[in-house]
Amino acid sequence: MSQFWNFFNLGLNQILSWQTTEHILFLIVVMAVFNFSDWVRLLWLVTLFTVGHLVAIGLSMYDVIMVQGGLIYFLIPLIVFVAALFSLFTAGKNPRNGKIQVFYFISLFLGIIYGLGFASRFEAHTTSSSGKFIPLLEYGLGVEAGQIIVVLIVLILTFIIQTIFRFSKRDWALVISSIVIGFTIPLLLENKFW
């Protein structure tokens, strides 16, 4: 049971730490256009990230995929930047008309890139006696729980701010997307790999 909590906490801390600011920014930009009634779509969104994350870690641990670290740490803020731009230019449009599919794809792709970046650190936590598959699933449950916590906090804050300041969903998406773009530009410049 202690092994479960070790890997679960590893996944939980992977999402809730300040080292994964880009992923939290991604969740914030996506949450700006949704509300509590969209909980099924949001659950799919975070689950796709987790699936991509776990598949990439698994493939990397078995040396199926290897990617240069510098490229990964550039791609992460780039993907968040693209998601924020997409949200900025589609603000006010109905999320049911194809917008959510784009966010699904971006979430899956971001999960894959994060998984490739985290694979070596995850592998350092596994031992030959513990195997790799079960700890990976335990870690994935922690990642999923961490994302759900972030989603709930962001949805509650969004509801409160939109209620108090009377932001329309479109205006809120514009503000949040602009803020996220402002945060990701320095990250892109800091992590350029060329």
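Structural remarks
- Simple spin-label estimate for F89 and R170 gives 1.8 nm between the two label positions (7 Å along the Cα-to-Cβ direction from each Cα).
- Cα centre as origin, Lys/Arg/Asp/Glu Cβ charges: the chain dipole, Debye: 600 debye
- Treating r as the C-beta distance of F4 and D63 and R0 as 25 Å, the FRET efficiency rounds to 0.40.
- Relative contact order, whole percent, for the chain stands at 45, derived from Cα pairs under 8 Å and 6 or more residues apart.
- Shape category assigned to region 54-101 from the gyration tensor of Cα positions, a/c cut at 1.5: oblate
- Multiplying the residue separation of L189 and V82 by 0.36 nm and removing their Cα-Cα distance gives an extension gain of 37.0 nm.
- For region 27-71, a/c is not less than 1.5, where a ≥ b ≥ c are the root eigenvalues of the C-alpha gyration tensor, and a/b does not top b/c. That puts it in the oblate class.
- Here region 2-190 is treated as a sphere whose radius is the Kirkwood value from Cα pairs; by Stokes-Einstein at 4 °C and 1.567 mPa s it diffuses with a coefficient of 76 µm²/s.
- Cα-based reach from K93 at 26 Å (exclusive), listing lysines while leaving out same-chain residues under 8 positions away: K169
- The ranking of Y73, Y62 by Cβ neighbour count inside 10 Å, starting from the fewest, reads Y62, Y73.
- For the listed peptides 19-25, 35-41, a ranking on the average number of other beta carbons within 10 Å per residue, highest first, reads 19-25, 35-41.
Since every read-out is calculated from the coordinates, none of them should be taken as a lab result. The structure displayed is predicted, hence computed values, not measured ones. Positions of Cβ are backbone-derived with ideal geometry, glycine not excepted, and every protein chain shown enters the neighbour counts.
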